[in-house]
Amino acid sequence: MPTQLSAGPNAASGKKTIVLPRLFVRPAVLRLGTAFGFAAAFARGFGASAGVLLGYAVLTRMFPLLFLVPLGIKWLQNALRRTRDETLARCIGCAIGLVLVVGVGLVAVGEENSFLREFVSKIRFHSEAPFTNHVGLGSLFVFASAPWSAQTDGSVYVAHDAAVAARPAPYVLPLASGLYLLAALPLILRARPLESVMYAVPLIFCALSPAGYYYSFLVLLVLLPWQRGSTDSARLIGMALLAVVTAVSYAFELASDELFPLFYQASIQMGLFFLFWLGFEYARLGARGRGLSTVVVSPPGERGAKRPSV
């Protein structure tokens, strides 16, 4: 949270926008480590540790706040059933508590030391201005509507003013996010608390369009479907599709050094992937108990041993 962000060149010039945190450094390895740590801590019942990691992710990049949406739905579901999941409650409580404590602390130390006002203004700038290295529904709408121009070297770009003018109406992305959440609600209600976090991944795509290099949280779609070393064939197909989409994106990157078409294609590919992925999730819901094979992955030392049914 106490960060000093520096924005790169013109948003629609096709060059990467650099966001450099001053105290919280989050390279790709650390982002993946946070995702692995959160999933492992929650799965083992360490709700407080999982909540601290989730709160840390929220403080560093804000958009992980949406991971609390399915967790909050599961907590409300438990409350209506008058049941309690201690791991879930501690995770949500520690995540929100950490964010509140750090927020109050930043206000207490003053603007001169926290750079809070500068941080908020630049977060607002990055959320409102269209950037070519962002991947999401909003970026897809902008760069599908804005006119493309060509430079003398043949590279294409979108003028900043044209990109700003092509932004969708303010209600479009909240409406799309709400419709997705309604579509995913039956899946969230049937999922285990940790498993439900998967359904926040397309919500981030619809609502926020973060920079492409933050999509390392897609690893949650591979980590969370497993329970006691097993999953089903429909989810394995979804994982394989994600691998194909990722490989295609890297193929585009190797074939061209232009960032604008690369991230535009990535937004299209991710949008199509999430549509198919949601379809696979509903297919397995309708075929539960019939037509789906269970796939079990065991450590080498456990091969041949009996496993409890899932």
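Each residue of the stretch 182-196 was assigned a 3J(HN,Hα) from its phi angle through the Karplus expression (A = 6.51, B = -1.76, C = 1.60, θ = phi - 60°), giving 5, 5, 8, 4, x, 5, 5, 5, 8, 7, 5, x, 5, 4, 5 Hz with x at Gly and Pro. Near the amide H of residue 209, within less than 5 Å, lie the amide hydrogens of 137, 138, all on another chain or at least 5 residues away, with H placed in the peptide plane. Per-residue 3J(HN,Hα) values for the stretch 93-110, derived from phi via the Karplus relation 6.51 cos²θ - 1.76 cosθ + 1.60 with θ = phi - 60°, read x, 5, 5, 5, x, 4, 4, 5, 4, 5, x, 5, x, 5, 5, 5, 6, x Hz in sequence order (x marks Gly and Pro). Between amide H atoms placed 1.01 Å from N, distances below 5 Å from residue 232 occur with 295, all of them 5 or more places distant or on a separate chain. Residues in the stretch 47-63 carry Karplus couplings, in order, of x, 5, 5, 4, x, 5, 5, 5, x, 4, 5, 5, 5, 7, 9, 6, 4 Hz; the curve used is 6.51 cos²θ - 1.76 cosθ + 1.60 with θ = phi - 60°, and Gly or Pro positions show x.
Could you order peptides 52-63, 209-220, 182-193 by the average number of other Cβ atoms within 10 Å of their residues, highest first?
On the way: 52-63: 22.3, 209-220: 19.5, 182-193: 16.0.
My ranking of the peptides, most packed first, is 52-63, 209-220, 182-193.
Since every read-out is calculated from the coordinates, none of them should be taken as a lab result. Remember, it's a predicted structure, so these values are computed and weren't measured experimentally. No Cβ is skipped: glycine too gets one built from the backbone with ideal geometry, and neighbour counts run over all protein chains shown.
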